1. Taking the options GLY221, GLY141, name whichever one is touching a Phe, Trp or Tyr at 6+ places or on another chain (Cβ under 8 Å) and not β-branched (Val, Ile, Thr).
2. Just to check your reading of the model, which residue among PRO205, PRO236 is within 26 Å of GLY290 (Cα to Cα) and either touching a Phe, Trp or Tyr at 6+ places or on another chain (Cβ under 8 Å) or not hydrophobic (A, V, I, L, M, F, W, C) (or both)?
3. Between a residue in segment 52-67 that is closer than 12 Å to GLY31 by Cβ and any residue that is outside any helix (DSSP H, G or I) and of a type outside the set (Ser, Thr, Tyr), which pairs come within a Cβ distance under 8 Å, given they are 6 or more apart or on different chains?
4. Pull up segment 194-220, narrow it to residues that are among the β-branched types (Val, Ile, Thr) and not in a loop (DSSP other than H, G, I, E, B), then point me to the one that is nearest to THR20 (Cα to Cα).
5. Answer yes if at least one residue in segment 100-110 is at pLDDT 95 or above, more than 14 Å from the chain's Cα centre (by Cα) and surrounded by 22 or more Cβ atoms within 10 Å (Cβ to Cβ), and no otherwise.
6. Could you give me the residue pairs with C-beta distances under 9 Å whose first residue belongs to segment 261-281 and is in a helix (DSSP H, G or I), whose second residue is acidic (Asp, Glu) and at pLDDT below 95 wherever it lies, and which are 6+ apart or on separate chains?
7. Look through GLY37, GLY31 and report the one residue that is in the same structural domain as ILE180 (by TED's automatic domain parsing) and closer than 22 Å to GLY107 by Cα.
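The values are calculated or read from the model by the stated rules, or taken from the named source; none is laboratory data. Not measured: the values here are computed from a predicted model. Cβ sites come from the backbone with ideal geometry, for glycine too, and all protein chains shown count toward neighbours.
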Amino acid sequence: MNYDRLFQNRYWLPKLGEITLSSLLIALISGILIIPGFQSAAAPFKSLSALVNSSLFGHFLHSCHAYAGDVFLAAMTLHVIEYLLKRAFTDYRWQSWLWLVILLITGIAVVFSGFLSLGSLESRDAIQILSHILNILGDPGQAIKRFFIMPAQNGSVLTILLHHASTFTVLALVLTYMHINRLKADGYAFYYTFVLIALIAVLFPAGIGTHPQAELAVVKGPWYFRGMQEMLSWLPVGLSGIVFPISFLGLLSILPVWPKRQNLLLILIFLLFLFYLFETLIATFFRGAGWQLIV
C-alpha cells in the first residue's frame, strides 16, 4: 500500500505534523490568556468554575485550551502512526529517533498533567490511580510522586499545575524545535486548526469535570486514559501500569537499531496499540456503575 499517498497533503487538510504544531501553539496561547482569570492556582477547580461562569469568553477560552490539547494529542498519535507506516524511522539515527520518542512522552505528559491539575473528581481519581502505579516502583516511584503529585494527596494540585504550565510545556517546545528547527506553524495549517478548535468550542463547550466532593456511580477519565483504567480493572497493576507502557515505548525506541527485526517490532507495536484502543472502547461504551460490564 502507498502510505505516502495516504498521508500526503490534501488540498483541504494540512499535514499531521503541522496540525500537531498548530494545536500545541493554540493550547499555549489560550493557556496564557487563561492565567489572569485564575483567582487561586492552588484551587483550580474553584477558579475554573468562576472563569467559565463569569463570561462566554472565559468559557470559550477554557474550551479552546481543552480541545487544543485533545487535538494535539490525537494529531501527534496519528503522526506517529504515519511515521511507522511510512518507515520514516529508517531515516533517523538512533539518538535523533530517541528524542522523538521522548517528545511523544512529553506531549502525553503535557496534556495529562493539564487534566490532573483541574482538581475535579475525575482528575483526583486519576491521581490516585497514578499514585498506586508509582507505589509499585518502590523508592524511585516515591521520588517521582514527591516531585510531581505528592501535594495532591493533601488536596492541592499546585505542583502538577506548575509542571503542566512550565516543565512539560517548555520541554515540549524545545523538543519540537529540535525536531523541525522552528516553532512557527504553516499559516494555513494554523488558521485551519484554530477554526476547527474554535467551532468545536462554540458548539460543544468543554466542561471542567465533576466537583471533587460529589459522588458518581462511575468515574471515567479522558479518552486517552480510559484504556489504562480498563486494563487496571482486570490486570495486575504492575502489568498494566508499568510493563505495558514500558514495553510499547521500548519497542518504539529500538526500531532504528534492530533493522533485521523491524517487521516484527512494528507488528508488536501495532498489536499493543490496537489492544489499548480496544480497551479504551470497552471503558467508554461498555462500563457502567461500579465499572460493571454492560452487555
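1. Numbers: GLY141 fails: touching a Phe, Trp or Tyr at 6+ places or on another chain (Cβ under 8 Å).
Only one candidate qualifies: GLY221.
2. Details: PRO205 fails: within 26 Å of GLY290 (Cα to Cα).
None of the other options fit; the residue is PRO236.
3. Filtered contacts from segment 52-67: HIS62/ALA206; HIS62/ILE208; ALA66/ALA206.
4. Start the filter on segment 194-220 by keeping residues that are among the β-branched types (Val, Ile, Thr), which leaves 195, 197, 200, 202, 208, 210, 218-219.
From what is left, the residues that are not in a loop (DSSP other than H, G, I, E, B) are 195, 197, 200, 202.
Values: VAL195: 14, ILE197: 12, ILE200: 17, VAL202: 21 Å.
Selected residue: ILE197.
5. No, segment 100-110 contains no residue that is at pLDDT 95 or above, more than 14 Å from the chain's Cα centre (by Cα) and surrounded by 22 or more Cβ atoms within 10 Å (Cβ to Cβ).
6. Once the first residue is in a helix (DSSP H, G or I) and sits in segment 261-281, no partner that is acidic (Asp, Glu) and at pLDDT below 95 comes close enough.
7. On the way: GLY37 fails: closer than 22 Å to GLY107 by Cα.
Result: GLY31 is the single residue among GLY37, GLY31 that is in the same structural domain as ILE180 (by TED's automatic domain parsing) and closer than 22 Å to GLY107 by Cα.
Listed here are the residues, each with its yes/no results for (1) surrounded by fewer than 20 Cβ atoms within 10 Å (Cβ to Cβ); (2) of a type outside the set (Gly, Ala, Ser); (3) in contact (Cβ under 8 Å) with a residue 24 or more places away in the chain; (4) outside the structural domain of LEU271 (by TED's automatic domain parsing).
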| site | (1), (2), (3), (4) |
| --- | --- |
| THR169 | no, yes, yes, yes |
| ASN181 | yes, yes, no, yes |
| PHE194 | yes, yes, yes, yes |
| PRO205 | yes, yes, yes, yes |
| GLY238 | yes, no, yes, no |
| ILE242 | yes, yes, yes, no |
